[in-house]
Amino acid sequence: MTLLEVISKVTFKEVITSVEIVDLRNKGRSNIVVSTLNGDVRVYEFHQEDKNPLTERCKLGNLPPLAAMGIGDVTGDGVKDFVIGGLDNTLRVVVFLDDCLSVKASTPLGSLPTSVSVLNVLDDESAEVVVATSDGSMRCYGWYDVALDKLAHKVLERPVFSIQPLYTKGMPYSRFIFGDDSGYFYIYQYGDDRLHERARISVGGDVGLVSTGDITDDETYEAMTVSDGKTLTLYGIVKGTMERIDSIKAPNPVNVVRMGRFWNLEPARGQIVVSHANSNITLLTLVGKRITEEATLKTSKKSTESNLAVGDIDGDKKREIVQAVGNTLYIIDFNDT
């Protein structure tokens, strides 16, 4: 029997706009990173046994409110960086060094950033940044010495609100996917100073959210789209082409999807963690070619939006779920008995 259980609840003064789980020290214990409506980015350590379970390690304030954020090693120093798109139409690279957060570089975009993703589109040590903006543009940046340098710029037909990497076994770099309101999602690849469309797949609804992760344990990411806010459709690469595996209709609008092999289940099966707008968390698994509901948990009585991340925040080699609803952070344990 699979159970989801709230083990800690922390209330903030400000509304939480994003939550991520990142191993900043590369020691196997990840930090909880939150951004707030005030423009703060805060890094916490979690200790369940303490009266105050979250210990703030560092904070970066006086930033414009966040519109989108991506995480990855952009500067190539082996430590994850935060790439933040602000409501001031500026992209910032925030680095973690000596237990401090600081802005390493800023890049004006000219339009509101709608999605930011950090991924390796080149076969090198540092990650690149792909950002979409409200004017329908998509740009790819690489890190050179002390700043982001634009590698490619493409004007799309429609705005994009979700970009995710697509890793493929045997390929030293990643492609990426995104969707739009035309009813398609797209596979793109960087090369020769351009962003190239490699495939477009018909979904049949407004694709506002995409997610990727390896849930079949074949070293290649699967892709999931959320169309019309509620329909989750899973795709996998078969003989070089993206094919539909299964689809399921959510009872409420979906805000976040995370995919991967987060927990060792018996029998082994991939997991999809979904956070709905009404705060309901659903754990889905892939059994053969069918999406199956394993567990569900509602954390808040009143909610119109939620966010969620998965990672090992207490160092026990088991991953927890951290969900943000309004100004409240829920720490959720997973048990498979």
**Prompt:** With springs only between Cα atoms under 10 Å, which of THR220, THR11, THR299 fluctuates most in a Gaussian network model of the chain?
**Reply:** THR11
**Request:** Can you bin region 131-259 into rounded, prolate or oblate? Criterion: square roots of the alpha carbon gyration tensor eigenvalues sorted a ≥ b ≥ c, rounded for a/c under 1.5, prolate for a/b above b/c, oblate for the rest.
**Result:** oblate
**Which listed pairs, of LYS289/LYS317; LYS51/LYS301; LYS59/LYS154; LYS249/LYS301; LYS104/LYS150, have C-alpha distances above 26 Å, in listed order** = LYS289/LYS317; LYS59/LYS154
**Complete:** Ordered by number, the GluC sites (Glu not before Pro) in region 121-195 that occupy a DSSP loop and have at most 12 other Cβ atoms within 10 Å are GLU125, GLU157
**Asked** Spin-label point model (7 Å from Cα, Cβ direction): what's the ARG158 to SER102 distance in nm?
**Response** 4.4 nm
**Message:** Classify region 195-282 from the C-alpha gyration tensor, please: rounded if a/c falls under 1.5, else prolate or oblate depending on whether a/b exceeds b/c.
**Reply:** oblate
**Prompt:** In what sequence, largest accessible area first, do LYS289, LYS169 appear using a 1.4 Å probe?
**Reply:** LYS289, LYS169
**Complete:** Quick calc: nm separation of the 7 Å Cα→Cβ label points for SER111 and SER134 -> 1.1 nm
**Item:** GNM result for the chain, Cα springs below 10 Å: residue of LEU37, LEU91, LEU232 fluctuating most strongly
**Value:** LEU37
**Message:** What number comes out for accessible area per residue over the chain if the probe is 1.4 Å? Units Å², please.
**Reply:** 45 Å²
**Asked** Say R0 is 30 Å: what FRET efficiency, to the nearest 0.05, do LYS301 and LEU3 get from their beta-carbon distance?
**Response** 0.90
**Request:** Pop a pseudo-label 7 angstrom from the Cα along the beta-carbon direction at both GLU14 and ARG198 and give the gap in nm to one decimal.
**Result:** 3.8 nm
**Item:** For region 1-98, Kirkwood radius (reciprocal of mean inverse C-alpha pair distance, Å)
**Value:** 14.6 Å
**Message:** For the chain, set up a GNM with springs between Cα atoms under 10 Å and report which of ASN120, ASN62, ASN327 has the largest fluctuation.
**Reply:** ASN62
**Message:** Just to confirm a number: summing +1 for Lys and Arg and -1 for Asp and Glu over residues other than THR220 whose beta-carbon lies under 14 angstrom from that of THR220, what do you get?
**Reply:** -2
**Those aspartates and glutamates that a straight Cα-Cα span of less than 20 Å connects to LYS239, excepting residues fewer than 8 apart in one chain** = GLU197, ASP214, ASP217, ASP218, GLU219, GLU222
**Asked** From the square roots a ≥ b ≥ c of the eigenvalues of the alpha-carbon gyration tensor of region 25-163, which class results: rounded (a/c under 1.5), prolate (a/b over b/c), or oblate?
**Response** prolate
**Complete:** Total charge of the residues flanking ILE21 in space, meaning their Cβ is under 9 Å from its Cβ, with Lys and Arg +1 and Asp and Glu -1, is -3
**Message:** If R₀ is 22 angstrom, what is the calculated FRET efficiency for the pair ASP336 and LYS230, using the beta carbon separation as r and rounding to 0.05?
**Reply:** 0.25
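The values are calculated or read from the model by the stated rules, or taken from the named source; none is laboratory data. Remember, it's a predicted structure, so these values are computed and weren't measured experimentally. Counting neighbours? That spans all protein chains shown, and the Cβs are built from the backbone with ideal geometry, glycine included. Note: accessible area is taken over every heavy atom of the protein model, side chains too, but ligands, DNA and RNA are not part of it. Shrake-Rupley method; radii C 1.70, N 1.55, O 1.52, S 1.80 Å.
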